[in-house]
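J.: Mind looking over this structure? Questions follow.
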Amino acid sequence: AKDGGRNTIRDYDPAMLVEAQARLLLLQDLRKAVDAGEFTLFLQPQTGADGTLVAAEALIRWQHPQRGFVAPGAFIAEAEESGLILPIGDWVLMEACHVLRRLADAGSDCHLSVNISPRQFRQPNFCAGVIAALRATRTDPRRLTLEITEGIAVGDCADTAAKMSELAALGISFSLDDFGTGFSSLSYLKRLPVREIKIDRSFVQDVDSNSHNAVLVETMLSIASRLGLKVVAEGVETAAERDFLEDRGCAVFQGYYFDRPMPVEDFITKYMKNPEI
Ligand code: C2E
Ligand code: CA
Ligand code: CA
Ligand code: CA
(Lines give C-alpha, C1' and ligand atoms only; values in the text may rest on other atoms or scores of the structure.)
(Ligands and ions follow the chains in the order given, each with its own letter.)
Protein backbone atom coordinates (compact mmCIF):
# COMPACT_ATOMS: atom_id res chain seq x y z
CA ALA A 1 0.00 0.00 0.00
CA LYS A 2 2.94 2.23 0.84
CA ASP A 3 4.58 1.59 -2.51
CA GLY A 4 1.32 2.10 -4.35
CA GLY A 5 0.86 5.38 -2.54
CA ARG A 6 4.32 6.52 -3.43
CA ASN A 7 3.80 5.57 -7.05
CA THR A 8 0.55 7.47 -7.13
CA ILE A 9 2.31 10.52 -5.81
CA ARG A 10 5.19 10.13 -8.23
CA ASP A 11 2.85 9.68 -11.23
CA TYR A 12 0.70 12.61 -10.22
CA ASP A 13 1.33 15.49 -12.59
CA PRO A 14 -0.16 18.81 -11.47
CA ALA A 15 0.17 20.21 -15.00
CA MET A 16 -2.24 17.56 -16.29
CA LEU A 17 -4.83 18.48 -13.70
CA VAL A 18 -4.54 22.15 -14.54
CA GLU A 19 -4.97 21.32 -18.22
CA ALA A 20 -8.02 19.16 -17.56
CA GLN A 21 -9.59 21.93 -15.50
CA ALA A 22 -8.88 24.48 -18.21
CA ARG A 23 -10.54 22.24 -20.80
CA LEU A 24 -13.58 21.78 -18.61
CA LEU A 25 -13.89 25.53 -18.15
CA LEU A 26 -13.52 26.09 -21.87
CA LEU A 27 -16.23 23.54 -22.57
CA GLN A 28 -18.61 25.19 -20.08
CA ASP A 29 -17.92 28.60 -21.58
CA LEU A 30 -18.37 27.22 -25.08
CA ARG A 31 -21.80 25.82 -24.17
CA LYS A 32 -22.83 29.22 -22.83
CA ALA A 33 -21.41 30.92 -25.91
CA VAL A 34 -23.62 28.81 -28.19
CA ASP A 35 -26.72 29.77 -26.18
CA ALA A 36 -25.74 33.43 -25.77
CA GLY A 37 -24.69 33.85 -29.40
CA GLU A 38 -21.19 35.08 -28.66
CA PHE A 39 -19.85 34.27 -32.13
CA THR A 40 -19.27 36.49 -35.09
CA LEU A 41 -17.86 35.99 -38.58
CA PHE A 42 -14.84 37.83 -39.91
CA LEU A 43 -14.12 38.00 -43.62
CA GLN A 44 -10.70 37.79 -45.25
CA PRO A 45 -10.50 38.75 -48.91
CA GLN A 46 -9.23 36.45 -51.63
CA THR A 47 -7.91 38.58 -54.45
CA GLY A 48 -6.05 38.65 -57.73
CA ALA A 49 -2.35 39.57 -57.64
CA ASP A 50 -3.34 43.25 -57.96
CA GLY A 51 -5.70 43.08 -54.99
CA THR A 52 -8.93 42.85 -57.04
CA LEU A 53 -11.56 41.10 -54.93
CA VAL A 54 -12.58 37.60 -56.04
CA ALA A 55 -13.99 36.01 -52.91
CA ALA A 56 -13.74 35.97 -49.15
CA GLU A 57 -13.25 33.33 -46.48
CA ALA A 58 -15.56 33.41 -43.46
CA LEU A 59 -13.58 32.89 -40.24
CA ILE A 60 -15.34 32.48 -36.94
CA ARG A 61 -14.49 34.67 -33.93
CA TRP A 62 -15.63 34.16 -30.36
CA GLN A 63 -16.19 37.28 -28.32
CA HIS A 64 -16.20 36.07 -24.72
CA PRO A 65 -17.30 38.57 -22.02
CA GLN A 66 -14.19 37.88 -19.88
CA ARG A 67 -11.74 36.06 -22.13
CA GLY A 68 -12.08 38.65 -24.88
CA PHE A 69 -11.52 37.55 -28.49
CA VAL A 70 -10.85 33.83 -28.60
CA ALA A 71 -9.21 32.62 -31.82
CA PRO A 72 -10.70 29.52 -33.47
CA GLY A 73 -7.45 27.65 -32.95
CA ALA A 74 -8.23 27.73 -29.22
CA PHE A 75 -11.74 26.28 -29.38
CA ILE A 76 -12.60 24.58 -32.69
CA ALA A 77 -10.88 21.32 -31.71
CA GLU A 78 -12.74 21.25 -28.39
CA ALA A 79 -15.99 22.06 -30.17
CA GLU A 80 -15.35 19.22 -32.60
CA GLU A 81 -14.61 16.74 -29.84
CA SER A 82 -17.61 17.69 -27.70
CA GLY A 83 -20.09 17.92 -30.57
CA LEU A 84 -20.68 21.63 -29.99
CA ILE A 85 -19.34 22.13 -33.50
CA LEU A 86 -22.79 21.06 -34.72
CA PRO A 87 -24.77 24.05 -33.41
CA ILE A 88 -21.75 26.29 -34.10
CA GLY A 89 -21.43 24.98 -37.65
CA ASP A 90 -25.17 25.46 -38.27
CA TRP A 91 -24.83 29.04 -37.09
CA VAL A 92 -21.78 29.66 -39.30
CA LEU A 93 -23.58 28.35 -42.40
CA MET A 94 -26.70 30.42 -41.80
CA GLU A 95 -24.68 33.53 -40.97
CA ALA A 96 -22.49 33.04 -44.05
CA CYS A 97 -25.60 32.86 -46.24
CA HIS A 98 -26.87 36.08 -44.66
CA VAL A 99 -23.53 37.68 -45.52
CA LEU A 100 -23.82 36.41 -49.10
CA ARG A 101 -27.28 37.96 -49.34
CA ARG A 102 -25.89 41.30 -48.13
CA LEU A 103 -23.03 41.13 -50.63
CA ALA A 104 -25.47 40.35 -53.45
CA ASP A 105 -27.70 43.24 -52.32
CA ALA A 106 -24.64 45.50 -52.48
CA GLY A 107 -24.33 44.52 -56.14
CA SER A 108 -21.32 42.26 -55.64
CA ASP A 109 -20.72 38.84 -57.16
CA CYS A 110 -18.15 38.05 -54.49
CA HIS A 111 -18.04 34.36 -53.53
CA LEU A 112 -17.84 33.21 -49.94
CA SER A 113 -15.86 30.25 -48.60
CA VAL A 114 -17.03 28.57 -45.42
CA ASN A 115 -15.03 26.11 -43.31
CA ILE A 116 -16.83 22.82 -42.70
CA SER A 117 -15.67 20.54 -39.92
CA PRO A 118 -15.55 16.77 -40.52
CA ARG A 119 -18.11 16.05 -37.82
CA GLN A 120 -20.46 18.67 -39.21
CA PHE A 121 -20.15 17.22 -42.69
CA ARG A 122 -20.82 13.68 -41.47
CA GLN A 123 -24.23 14.63 -40.03
CA PRO A 124 -26.96 12.82 -41.98
CA ASN A 125 -28.86 16.10 -42.45
CA PHE A 126 -25.83 18.15 -43.54
CA CYS A 127 -27.00 18.71 -47.12
CA ALA A 128 -30.50 19.62 -45.99
CA GLY A 129 -29.04 22.25 -43.65
CA VAL A 130 -26.97 23.85 -46.38
CA ILE A 131 -29.92 23.94 -48.75
CA ALA A 132 -32.19 25.41 -46.05
CA ALA A 133 -29.69 28.21 -45.32
CA LEU A 134 -29.43 29.05 -49.02
CA ARG A 135 -33.22 29.06 -49.43
CA ALA A 136 -33.87 31.14 -46.30
CA THR A 137 -31.54 33.86 -47.61
CA ARG A 138 -32.42 33.48 -51.30
CA THR A 139 -28.74 32.91 -51.97
CA ASP A 140 -27.35 31.64 -55.26
CA PRO A 141 -25.60 28.31 -54.49
CA ARG A 142 -22.93 29.19 -57.05
CA ARG A 143 -21.66 31.88 -54.67
CA LEU A 144 -20.98 29.39 -51.90
CA THR A 145 -17.76 27.40 -51.51
CA LEU A 146 -17.36 24.81 -48.78
CA GLU A 147 -13.80 24.39 -47.52
CA ILE A 148 -13.16 20.82 -46.45
CA THR A 149 -10.12 18.99 -45.20
CA GLU A 150 -9.00 15.42 -45.73
CA GLY A 151 -10.48 14.49 -42.35
CA ILE A 152 -13.89 14.65 -43.95
CA ALA A 153 -13.66 11.35 -45.75
CA VAL A 154 -12.48 9.31 -42.78
CA GLY A 155 -15.04 6.54 -42.50
CA ASP A 156 -17.72 6.18 -45.13
CA CYS A 157 -16.18 7.35 -48.33
CA ALA A 158 -19.19 6.59 -50.48
CA ASP A 159 -21.31 8.76 -48.21
CA THR A 160 -18.82 11.63 -48.54
CA ALA A 161 -18.83 11.42 -52.32
CA ALA A 162 -22.64 11.20 -52.44
CA LYS A 163 -23.08 14.30 -50.28
CA MET A 164 -20.53 16.29 -52.23
CA SER A 165 -22.13 15.30 -55.54
CA GLU A 166 -25.58 16.29 -54.29
CA LEU A 167 -24.38 19.77 -53.31
CA ALA A 168 -22.11 20.17 -56.33
CA ALA A 169 -25.10 19.45 -58.57
CA LEU A 170 -26.77 22.53 -57.07
CA GLY A 171 -23.77 24.68 -58.00
CA ILE A 172 -21.94 24.68 -54.68
CA SER A 173 -18.15 24.42 -54.96
CA PHE A 174 -15.75 22.45 -52.82
CA SER A 175 -12.27 23.59 -51.90
CA LEU A 176 -9.66 21.28 -50.38
CA ASP A 177 -8.17 23.23 -47.48
CA ASP A 178 -4.64 22.88 -46.10
CA PHE A 179 -3.65 21.14 -49.31
CA GLY A 180 -0.38 19.23 -49.06
CA THR A 181 -0.39 18.78 -45.30
CA GLY A 182 -2.08 15.37 -45.26
CA PHE A 183 -1.18 12.00 -46.66
CA SER A 184 -3.97 11.40 -49.13
CA SER A 185 -4.62 14.76 -50.81
CA LEU A 186 -3.95 13.41 -54.27
CA SER A 187 -6.33 10.48 -54.08
CA TYR A 188 -9.01 12.91 -52.87
CA LEU A 189 -8.71 14.95 -56.01
CA LYS A 190 -9.39 11.85 -58.05
CA ARG A 191 -12.35 10.58 -56.05
CA LEU A 192 -14.24 13.70 -54.99
CA PRO A 193 -15.82 16.62 -56.86
CA VAL A 194 -13.29 19.23 -55.73
CA ARG A 195 -13.02 22.47 -57.73
CA GLU A 196 -10.24 24.22 -55.87
CA ILE A 197 -7.25 23.58 -53.65
CA LYS A 198 -5.85 25.89 -51.01
CA ILE A 199 -2.09 25.68 -50.74
CA ASP A 200 -1.35 25.62 -47.04
CA ARG A 201 0.38 28.57 -45.44
CA SER A 202 3.27 26.38 -44.30
CA PHE A 203 4.30 25.97 -47.97
CA VAL A 204 3.64 29.57 -48.99
CA GLN A 205 5.83 30.90 -46.20
CA ASP A 206 9.19 32.09 -47.62
CA VAL A 207 8.44 30.27 -50.88
CA ASP A 208 10.63 32.81 -52.70
CA SER A 209 13.70 31.95 -50.60
CA ASN A 210 13.03 28.45 -49.27
CA SER A 211 13.92 26.06 -52.11
CA HIS A 212 12.14 23.14 -50.45
CA ASN A 213 8.85 25.05 -50.33
CA ALA A 214 9.45 26.35 -53.83
CA VAL A 215 9.63 22.82 -55.27
CA LEU A 216 6.52 21.73 -53.38
CA VAL A 217 4.49 24.79 -54.41
CA GLU A 218 5.56 24.49 -58.06
CA THR A 219 4.48 20.85 -58.03
CA MET A 220 1.10 21.69 -56.47
CA LEU A 221 0.48 24.45 -59.02
CA SER A 222 1.38 22.08 -61.83
CA ILE A 223 -0.94 19.34 -60.56
CA ALA A 224 -3.78 21.84 -60.16
CA SER A 225 -3.25 23.24 -63.63
CA ARG A 226 -3.21 19.80 -65.24
CA LEU A 227 -6.35 18.74 -63.41
CA GLY A 228 -8.10 22.03 -64.18
CA LEU A 229 -8.42 23.02 -60.53
CA LYS A 230 -8.51 26.54 -59.18
CA VAL A 231 -5.85 27.45 -56.66
CA VAL A 232 -5.84 29.79 -53.69
CA ALA A 233 -2.51 30.47 -51.99
CA GLU A 234 -3.12 31.06 -48.31
CA GLY A 235 -1.00 32.98 -45.82
CA VAL A 236 0.68 35.25 -48.39
CA GLU A 237 2.57 37.79 -46.28
CA THR A 238 5.07 39.44 -48.61
CA ALA A 239 5.32 40.87 -52.13
CA ALA A 240 8.14 38.40 -52.84
CA GLU A 241 5.88 35.46 -52.01
CA ARG A 242 3.11 36.87 -54.18
CA ASP A 243 5.47 37.49 -57.11
CA PHE A 244 6.87 33.97 -56.92
CA LEU A 245 3.37 32.49 -56.91
CA GLU A 246 2.05 34.75 -59.65
CA ASP A 247 5.02 33.96 -61.92
CA ARG A 248 4.13 30.28 -61.62
CA GLY A 249 0.48 30.67 -62.51
CA CYS A 250 -1.25 31.19 -59.18
CA ALA A 251 -4.19 33.56 -59.68
CA VAL A 252 -5.86 33.95 -56.29
CA PHE A 253 -4.21 35.04 -53.05
CA GLN A 254 -5.24 35.27 -49.43
CA GLY A 255 -3.03 36.61 -46.67
CA TYR A 256 -1.91 39.47 -44.49
CA TYR A 257 0.02 41.01 -47.39
CA PHE A 258 -3.34 41.82 -48.98
CA ASP A 259 -5.60 42.12 -45.94
CA ARG A 260 -6.41 40.62 -42.56
CA PRO A 261 -9.70 39.00 -41.58
CA MET A 262 -12.08 41.81 -40.58
CA PRO A 263 -15.64 42.35 -39.35
CA VAL A 264 -18.30 42.06 -42.06
CA GLU A 265 -19.15 45.76 -41.76
CA ASP A 266 -15.53 46.76 -42.43
CA PHE A 267 -15.33 44.36 -45.36
CA ILE A 268 -18.45 45.82 -46.94
CA THR A 269 -17.25 49.40 -46.43
CA LYS A 270 -13.85 48.62 -47.88
CA TYR A 271 -14.68 46.29 -50.76
CA MET A 272 -18.24 46.99 -51.91
CA LYS A 273 -18.93 49.68 -54.47
CA ASN A 274 -22.36 50.41 -52.94
CA PRO A 275 -21.63 49.93 -49.22
CA GLU A 276 -24.62 52.08 -48.19
CA ILE A 277 -27.04 49.27 -49.06
P1 C2E B 1 -7.81 27.92 -42.01
O2 C2E B 1 -9.10 27.47 -42.59
O3 C2E B 1 -6.57 27.36 -42.60
O4 C2E B 1 -7.85 29.51 -42.10
C5 C2E B 1 -6.74 30.31 -42.38
C6 C2E B 1 -6.15 30.87 -41.13
O7 C2E B 1 -4.95 31.58 -41.46
C8 C2E B 1 -7.04 31.89 -40.42
O9 C2E B 1 -6.81 31.80 -39.01
C10 C2E B 1 -6.50 33.23 -40.95
O11 C2E B 1 -6.77 34.31 -40.09
C12 C2E B 1 -5.03 32.90 -40.99
N13 C2E B 1 -4.30 33.74 -41.95
C14 C2E B 1 -4.74 34.27 -43.10
N15 C2E B 1 -3.74 34.93 -43.74
C16 C2E B 1 -2.66 34.81 -42.96
C17 C2E B 1 -1.30 35.29 -43.09
O18 C2E B 1 -0.91 35.95 -44.04
N19 C2E B 1 -0.45 34.96 -42.08
C20 C2E B 1 -0.84 34.22 -40.99
N21 C2E B 1 0.05 33.98 -40.04
N22 C2E B 1 -2.10 33.75 -40.86
C23 C2E B 1 -2.99 34.04 -41.83
P24 C2E B 1 -8.00 31.79 -37.97
O25 C2E B 1 -9.06 32.75 -38.39
O26 C2E B 1 -7.39 31.95 -36.62
O27 C2E B 1 -8.59 30.34 -38.12
C28 C2E B 1 -7.83 29.21 -37.75
C29 C2E B 1 -8.51 27.93 -38.19
O30 C2E B 1 -9.74 27.75 -37.48
C31 C2E B 1 -8.91 27.91 -39.65
O32 C2E B 1 -7.78 27.60 -40.42
C33 C2E B 1 -9.96 26.85 -39.66
O34 C2E B 1 -9.37 25.57 -39.68
C35 C2E B 1 -10.63 27.06 -38.31
N36 C2E B 1 -11.87 27.84 -38.51
C37 C2E B 1 -12.03 29.18 -38.63
N38 C2E B 1 -13.33 29.51 -38.79
C39 C2E B 1 -14.03 28.34 -38.78
C40 C2E B 1 -15.41 28.00 -38.91
O41 C2E B 1 -16.30 28.85 -39.10
N42 C2E B 1 -15.72 26.67 -38.85
C43 C2E B 1 -14.78 25.70 -38.66
N44 C2E B 1 -15.16 24.41 -38.61
N45 C2E B 1 -13.48 25.99 -38.54
C46 C2E B 1 -13.09 27.29 -38.59
CA1 CA C 1 -10.08 27.48 -44.49
CA1 CA D 1 -6.39 26.67 -44.71
CA1 CA E 1 -3.88 26.29 -42.89
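The values are calculated or read from the model by the stated rules, or taken from the named source; none is laboratory data. Source: prediction; values computed, not measured. Glycine gets a Cβ as well: all are built from the backbone with ideal geometry, and neighbour counts include every protein chain shown. Keep in mind that these areas ignore ligands, DNA and RNA; they rest on the heavy atoms of the full protein, side chains included. Shrake-Rupley method; radii C 1.70, N 1.55, O 1.52, S 1.80 Å.
J.: Measuring with a 1.4 Å probe in the full set of protein chains, what accessible area per residue, in whole Å², belongs to the stretch 87-159?
T.: Each residue of the stretch 87-159 exposes 43 Å² on average to a 1.4 Å probe.
J.: Something else: Using the alpha-carbon centroid of each, what span in Å lies between the stretch 145-161 and the stretch 226-271?
T.: 25
J.: Going through the DSSP H helices of the chain, which span 20 Å or more along their own axis at the Cα atoms while scoring at least 0.0 as a mean Kyte-Doolittle hydropathy?
T.: TM-like helix candidates: 14-36, 85-105, 211-227.
J.: Let me ask something else about it. Work out the charge dipole of the chain with +1 on the Cβ of Lys and Arg and -1 on the Cβ of Asp and Glu about the Cα centre, then indicate which of Gly235, Tyr256, Phe183 is farthest towards its positive end.
T.: Farthest towards the positive end: Phe183.
J.: Which residue, Ala22, Ala169, Ala49, has the most motion in a Gaussian network model of the chain that connects Cα atoms within less than 10 Å?
T.: Ala22
J.: Cross-chain or 8 or more residues apart, Cα under 24 Å: how many lysine pairs in the stretch 143-277 fit that? Count them up, please.
T.: Taking the stretch 143-277 as the scope, the lysine pair count is 6.
J.: Additional query: Mind putting a number on the dipole of the stretch 153-234 about its Cα centre? Charges go on the C-beta only, +1 for Lys and Arg and -1 for Asp and Glu, and I need it in Debye to the nearest 20.
T.: Charge dipole, the stretch 153-234, about its Cα centre: 320 debye, nearest 20.
J.: May I pose another question? Can you list the residues, at least 5 places off or on another chain, whose amide H is less than 5 Å from the amide H of Ser108, using H built in the peptide plane?
T.: Close amide H contacts, sequence-distant or interchain: none at all.
J.: Enter the accessible area per residue of the stretch 200-266 (Å², integer; probe 1.4 Å; all protein chains in place).
T.: Dividing the accessible area of the stretch 200-266 by its residue count gives 52 Å².
J.: How much length is gained if the chain between Asp109 and Thr181 is pulled fully straight, taking 0.36 nm per residue apart and subtracting their Cα-Cα distance, in nm to one decimal?
T.: Residue separation times 0.36 nm, minus the Cα-Cα distance, leaves 22.8 nm.
J.: Restricting to Cα pairs below 8 Å that are 6+ residues apart, what does the relative contact order work out to for the chain? Please round to a whole percent.
T.: 18
J.: Given charges of +1 on the Cβ of Lys and Arg and -1 on the Cβ of Asp and Glu, with all other atoms neutral, how large is the dipole of the stretch 109-266 about its Cα centre, in debye to the nearest 20?
T.: Result for the stretch 109-266 is approximately 820 debye, rounded to the nearest 20.
J.: Return the loop-located trypsin sites (Lys or Arg not before Pro) in the stretch 205-277 (DSSP other than H, G, I, E, B) with at most 11 other Cβ atoms within 10 Å of their own Cβ; answer none if there are none.
T.: Sites meeting the loop and neighbour criteria: Lys273.
J.: Another question about this same structure. Report, for the chain, the % of DSSP beta bridges that are antiparallel, rounded to 5.
T.: 40
J.: Leaving ligands, DNA and RNA out of it, report the carbon-plus-sulfur percent of the accessible area of the chain at a 1.4 Å probe.
T.: Roughly 53 percent of what the probe reaches on the chain is carbon or sulfur.
J.: Still on this structure, I have one more. Round to the nearest 10 and report in Å² the accessible area of Leu17, as given by a 1.4 Å probe over the protein chains' heavy atoms.
T.: 90
J.: May I pose another question? Given a 1.4 Å probe, how much area per residue of the stretch 8-80 is accessible, in Å²?
T.: Per residue, the stretch 8-80 has an accessible area of 58 Å².
J.: Here's something else I'd like to know. Which of these, Gly68, Gly255, Gly228, has the largest mean-square fluctuation under a Gaussian network model of the chain (Cα springs below 10 Å)?
T.: Highest fluctuation of the listed residues: Gly68.
J.: Ok, one more. Quick one: putting +1 on the C-beta of Lys and Arg, -1 on the C-beta of Asp and Glu, what dipole do you get for the chain around its Cα centre, in Debye to the nearest 20?
T.: Using Cβ point charges on Lys, Arg, Asp and Glu, the chain gives about 680 debye.
J.: Classify the stretch 121-277 from the C-alpha gyration tensor, please: rounded if a/c falls under 1.5, else prolate or oblate depending on whether a/b exceeds b/c.
T.: Numbers: a/c = 2.28, a/b = 1.17, b/c = 1.95.
Oblate, because a/c is 1.5 or more while a/b does not exceed b/c.
J.: Which net charge results for the neighbourhood of Thr40, defined as the other residues with beta-carbon distances under 13 angstrom from its beta-carbon, given Lys and Arg at +1 and Asp and Glu at -1?
T.: Neighbourhood net charge equals -3.
J.: Please identify every one of the chymotrypsin sites (Phe, Trp or Tyr not before Pro) in the stretch 85-185 that sits in a loop by DSSP and has no more than 16 other beta carbons within 10 Å of its own beta carbon.
T.: When the chymotrypsin sites (Phe, Trp or Tyr not before Pro) of the stretch 85-185 are filtered for loop state and at most 16 Cβ neighbours within 10 Å, Phe183 remain.
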